Amino acid sequence: MMTNLQKIAAFPLFLCFFITSITACSQELKHEDNEEDIIFKDEPSTRELKHYQAIPNDLVLIYDGGAHRSIQWNKEHFAPYVSAQVNGEENWLFDGFLFLEIHDGQGRGFASGYQAMAARKTEWENLLKNYFAKGNGIHALNEQIEEVKKAGKVTGEFEKRKVVLCIPEPIPNQTDWGQLNGRSLQFFKKEDRLDACKWYIDYAEQLFQNASFEHVELIGFYWLAEEATNSRNLANDVADYVYEKKYDFYWIPYFNSDGYSEWRNLGFNVPYYQPNYFFSESVPYSRLQEACNRANKFQMNMEIEFDDRALKSKGWGYRLTDYLDVYEKNGVFDSLKVAYYQGGDAFYKLSQSENEEDLALYQRIIHLITQRANKPRIDQ
């Protein structure tokens, strides 16, 4: 979820055509005027589609870990995401939380195209340490759930909230990532890129186990690179390691992303699709239906996208409403998993707003989520 402006400014090797959007490459737009020309690669996969953990119905994206972030993901900030009042009764809300970051805020990117320099082992390590810092991230989420449970606000059975952690992309040809077991890794070697990912997965798993969280569980890893360009010869091997540990492998490619329809061949087993409609008024309303059609064709889940502009003061709430309208029309909330890109903490801001239109939009979202929570879990 990145802007074309970010990718152009930060990494000039990407010759991207600019449009205000959360995603980047010219892959997204090169067929914009004639989408009939797009060639879909949906060859049968030799990999069995299997899930190792229960998949959350509603997965909210929590961007955190870069020095440029001003949001403090403490217990209070997680409160509107954990539970909400619907028809006078407190209900559990999001059942999944994806922790991710695109760059460290100091010049190093966690995937291709975000910064001129690639994140090193020390930045990868600091990213995880941030998610497991006391009073922040996963600890804060666990504490807020504990508070709601102790207060007896929500009746009925509670399921642990599900946590997914991003895996930074080992950016091809990087030579300053760092050392493993006394060996300096060189990312022009596939085996070194894979070893870095394995180290990161092991370290994340160790931190999670050491924390002994009572109310959250680690269920999977998310591949941060939103296109397959640099991953075709790597993602499957990372997937093997993820599945060996009984986790699931998540991916959310952008609209027209290189390889999005090949998600199964690439090794992923929990894919979502980005419509990239919210971020530019030049993207037509028909984009949402087209995205739903593609998700149906390629058996993918869907992402809802919005940021602070959804607030009444910014005037773009109608575009978030369009997502909800089209998704309801297509039965997305009845049959698919949904990921929520919020551009920071826009959902929090909607929940705290005193504007009637903002609150109406917030209420509509939480009604959709809690209705799904009260139904049998959707099997993918």
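The values are calculated or read from the model by the stated rules, or taken from the named source; none is laboratory data. All of these numbers come straight from a predicted model, not from anything done at the bench. Methodologically, a virtual Cβ is constructed for each residue, glycine included, from the backbone with ideal geometry; neighbour enumeration extends over all protein chains shown. Just so you know, the surface numbers come from the protein's heavy atoms only, side chains and all, with ligands and any DNA or RNA stripped out. Shrake-Rupley method; radii C 1.70, N 1.55, O 1.52, S 1.80 Å.
A few remarks follow.
- Test result for residue 275, out of contact with any His (no Cβ under 7 Å at 6 or more places or on another chain), surrounded by 20 or more Cβ atoms within 10 Å (Cβ to Cβ) and without any contact (Cβ under 8 Å) to a residue 40 or more places away in the chain: no
- Filter result for residue 67 (open to solvent by 10 Å² or more (accessible area, probe 1.4 Å) and assigned to a loop (DSSP other than H, G, I, E, B)): yes
- Residues located in region 342-357, provided they are touching a residue at least 60 places away in the same chain (Cβ under 8 Å) and either crowded, with 17+ Cβ neighbours inside 10 Å or not in a helix (DSSP H, G or I) (or both): 342, 343, 344, 345, 347, 348, 351
- Residue 221 being without any contact (Cβ under 8 Å) to a residue 40 or more places away in the chain, within 15 Å of residue 198 (Cα to Cα) and of a type outside the set (Asp, Glu): no
- Test: residue in region 172-188 that is acidic (Asp, Glu) and surrounded by 23 or more Cβ atoms within 10 Å (Cβ to Cβ): no
- Cβ-Cβ distances below 6 Å connect the following pairs, each with a first residue in region 63-85 that is at negative phi, a second residue that is surrounded by fewer than 20 Cβ atoms within 10 Å (Cβ to Cβ) and aromatic (Phe, Trp, Tyr), and a separation of six or more residues or different chains: 80/348.
- Test result for residue 327, under 17 Å from the mean Cα position of the chain (by Cα) and within 29 Å of residue 167 (Cβ to Cβ): no
Every residue, every condition in (1) within 30 Å of residue 86 (Cα to Cα); (2) touching a strand residue (DSSP E or B) at 6+ places or on another chain (Cβ under 6 Å), yes or no:
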position	(1), (2)
119	no, yes
124	no, no
157	yes, no
161	yes, yes
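- Residue pairs whose Cβ atoms lie under 9 Å apart, sitting 6 or more positions apart in sequence or on different chains, and linking a residue in region 112-135 that is over 26 Å from residue 253 (Cβ atoms) and in contact (Cβ under 8 Å) with a residue 60 or more places away in the chain to a partner that is buried (at least 19 other Cβ atoms within 10 Å of the Cβ) and β-branched (Val, Ile, Thr), are 132/138.
- Residue match in region 274-284 (condition: outside any loop (DSSP other than H, G, I, E, B) and under 21 Å from residue 351 (Cα atoms)): no
- The set of residues from region 359-380 being open to solvent by 10 Å² or more (accessible area, probe 1.4 Å) and modelled with pLDDT of 95 or more comprises 359, 360, 361, 362, 363, 364, 367, 368.
- Tallying residues that are surrounded by 10 or more Cβ atoms within 10 Å (Cβ to Cβ) and at pLDDT 85 or above within region 30-63 yields 14.
- Per-region count, region 194-248, residues open to solvent by less than 10 Å² (accessible area, probe 1.4 Å), part of a strand (DSSP E or B) and more than 22 Å from residue 174 (Cβ to Cβ): 4
- The set of residues in region 325-341 that are surrounded by 20 or more Cβ atoms within 10 Å (Cβ to Cβ) and small (Gly, Ala, Ser) contains only 339.
- Complete set of residues in region 288-324 that are free of Cβ contacts under 8 Å to residues at least 24 places away in the same chain and open to solvent by less than 60 Å² (accessible area, probe 1.4 Å): 315
- Residue match in region 292-299 (condition: touching a Phe, Trp or Tyr at 6+ places or on another chain (Cβ under 6 Å), more than 21 Å from residue 164 (Cβ to Cβ) and not in a loop (DSSP other than H, G, I, E, B)): no
- Qualifying residue in region 144-155 (condition: within 14 Å of residue 66 (Cβ to Cβ) and small (Gly, Ala, Ser)): no
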